[in-house]
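Quick one: structure below, then a few questions.
Read-outs: derived from the displayed coordinates by stated rules, not from any lab. From a predicted model like this one, the values you see are computed outputs, not experimental measurements. Using ideal geometry, Cβ is built from the backbone for each residue, glycine included, and neighbour counts are taken over all protein chains shown.
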Amino acid sequence: MVEPDGLEQQLLTLRDWLRYAVSSFNEAELVYGHGTASALDEAAFLILHTLRLPIDQLDPWLDARLLPNERLALKDIIHRRISTRKPAAYLTKQAWIGSCSFYVDERVIVPRSYIGELMGDCLPGVVSDPMKVRHILDLCTGSGCLAILAALSFPEAKLDASDISDEALAVAERNIGDYALGDRITLIRSDVFEGLAKRHYDLILANPPYVSDGALAEFPQEYAAEPVIAHAGGHDGLDLVRRILAQAAEHLTSEGVLVVEVGTGREILERDYPRVPFLWLDTAKSQGEVFALNRTSIRHGDRR
């Protein structure tokens, strides 16, 4: 989009800037999926964040006239979203799962997990009594968002949050500190279970890398801006998922449960593990992308 002269003098209200941003994003053919699903959602998030307004309240402010410095700030962030092709969360340093916000930067994948949606209800159909969940592991913790959500949902639990990336663990430490959960969440550098010795858990959560090599090679710029290690799942995307399935039973208590997000890997898993009774957990936005298994099911479901 060719910018007219004196843009900030012509666009006076929030509504003006919202329209301009949506049109600009559509013309630039931006890609979404990091907390927003459309040009309108992305524009609203960036504008409300930049103006320090509640991100879930757009309508009350639509006809508000903006100050000159506010217009310049909106012009800057809209143009940076287009020129850099970075996810909005990297520009704002903030991402949301439900009502919880997290600090993010390029050291971690932008938080977005269907497990996070399920956590608000304490994993219904998987956890019978949340008060009995005392030890939780969050594998591949990244920004620490799932560990934090789990700590909020299971108030009696102590948690370990592990990741192979020291940079990711630094971001997770910041988020854990922001939520004052340092006394309940322990960060551990670990390649899957290798750094966890003989620890056992009532609940293991994992949102591991699950993008196939082919899909990774075709990533749009927005997804390519994230750490490759957070996406790369091998030839069919399920290398780490297989490692988790092979070792999880050794780290679960007798009634422990494993919950893993696998993207589009359901068909492959059901083909390769025909004796494993995967329980698929649907959310409002997904079907068949998260599975749950108890310890007994993992042990008895040897591969074909």
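Please give the FRET efficiency for D272 paired with K198, using the beta carbon to beta carbon distance and R0 = 35 Å, rounded to the nearest 0.05.
0.80
Separate question: Any idea how far the Cα center of the stretch 1-50 sits from the one of the stretch 187-225, in Å?
33
Any lysines with Cα under 21 Å of the K86 Cα? List them, leaving off those in the same chain fewer than 8 positions away.
Correct list for K86: K75.
Related question: From the convex hull of the Cα coordinates of the chain, what is the mean projected area in square nanometres?
Spelled out: convex hull of the Cα atoms, projected over all directions, averaged, 16.3 nm².
Are there any helices in the chain, counted as whole DSSP H runs, that stretch 27 Å or more along their axis by Cα and score at least 0.5 on average by Kyte-Doolittle, and if so which?
Both cut-offs are met by no helix.
Counting only C-alpha contacts under 8 Å and six or more residues apart, can you give the relative contact order of the chain as a whole percent?
The normalised contact order for the chain reaches 13 percent.
Mind checking which aspartates and glutamates have their Cα closer than 18 Å to the Cα of K132? Skip sequence neighbours fewer than 8 apart in that chain.
Result set, ordered by chain and number: D121, E156, D160, D202, E255.
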